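In what follows, a structure is listed as structure tokens, so that the remarks can point back to it.
The values are calculated or read from the model by the stated rules, or taken from the named source; none is laboratory data. Computed from a predicted structure; not experimentally measured. All Cβ positions, even for glycine, are placed from backbone atoms using ideal geometry, and neighbour counts span all protein chains on display.
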Amino acid sequence: VKSRVDDPSLLEPYHLLRANLQFSRSGPESQTILVTSAEIGEGKTTVVSNLALAHAIAGQKVIALDADMRRPTLHRTLGLAQDEGLNEYLSRDDASLDEFLTDCPLPSDARSGSLRVLVAGTGTTTPTAILSSDRMRRMLDEMKEMADVIILDSPPVLYSSDALVIANAVDRVILVVWSGMLRNAAVQRAREGLEMVKAARVDVVLNKLRRDVDTYAYYSQYYYGGYNRHREE
């Protein structure tokens, strides 16, 4: 199911989320952002795709990266093919990152920004080892030279350790929580896991709060909050 928002009026809540993330940051700029959730089905991939679009429409160079190598769906959300991607790039020492990035079309009213996507690629039996590799961290450093913001999708925190190993390598984490399946204990366990790996900053976004009987996921009424942790040097 395609969850990318192309209607400008429906994308507006993601512009609001982008602005809140921008103005609430403290310390260094949050250039790499991991979007995850406590459990399956909370809407994290929809947030990744539309937050990436919001950044690009605002004039920024954006890379969206599908690091959910267990159940990759970002390519479908953005209407792209599941070609060679993250797994193939990280598995080849001589690979060029540019070869694996796909340009994603933007709405006609977009400014001078751009959105490039690195899909998950073919399946692997060792995603945690790949995502925790030095090559993964070097790739993120290279992406920082190529884009203003890098937004990563990952598996839910409580279903694998993949999100936790990535959280330690990025500037900021967004924990998406679906209001319709809110379980305080699950959210707390997810936050404790992120705290355990010393995630630099974690922001909680309560997803799918409805203003009326419409079933669309609105961000104009969401809970947004966070806490900071300073990594030990």
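Overview of values
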quantity: Residue that is over 24 Å from ASN20 (Cβ atoms), touching a residue at least 24 places away in the same chain (Cβ under 8 Å) and among the aliphatic types (A, V, I, L, M), where the choices are ALA120, ALA185; calculated: ALA120
quantity: Test: residue in the range 131-150 that is of a type in the set (Ser, Thr, Tyr) and surrounded by 22 or more Cβ atoms within 10 Å (Cβ to Cβ); calculated: no
quantity: Any pair with Cβ under 8 angstrom, 6 or more apart, that starts in the range 80-97 at a residue that is free of Cβ contacts under 8 Å to residues at least 12 places away in the same chain and ends at one that is charged (D, E, K, R); calculated: ALA95/GLU88
quantity: Residues satisfying the stated conditions in the range 87-118, i.e. closer than 17 Å to GLU142 by Cβ and either small (Gly, Ala, Ser) or part of a loop (DSSP other than H, G, I, E, B) (or both); calculated: SER91, ARG92, ASP93, ASP94, ALA95, SER96, LEU101, SER114
quantity: Breaking point among (1) at pLDDT 80 or above; (2) basic (Lys, Arg); (3) within 20 Å of LEU51 (Cα to Cα); (4) surrounded by fewer than 17 Cβ atoms within 10 Å (Cβ to Cβ), for ARG172; calculated: (4)
quantity: Near pairs, Cβ below 7 angstrom, 6+ apart or cross-chain, from the range 189-206 (under 16 Å from LEU158 (Cα atoms)) to any residue that is of a type in the set (D, E, K, R) and surrounded by fewer than 21 Cβ atoms within 10 Å (Cβ to Cβ); calculated: GLU195/ARG229; ALA199/ARG229; VAL202/ARG191
quantity: All positions within the range 38-66 that are acidic (Asp, Glu) and surrounded by fewer than 24 Cβ atoms within 10 Å (Cβ to Cβ); calculated: GLU39
quantity: In the range 60-84, the residues that are small (Gly, Ala, Ser) and within 22 Å of GLU142 (Cβ to Cβ); calculated: ALA64, ALA67
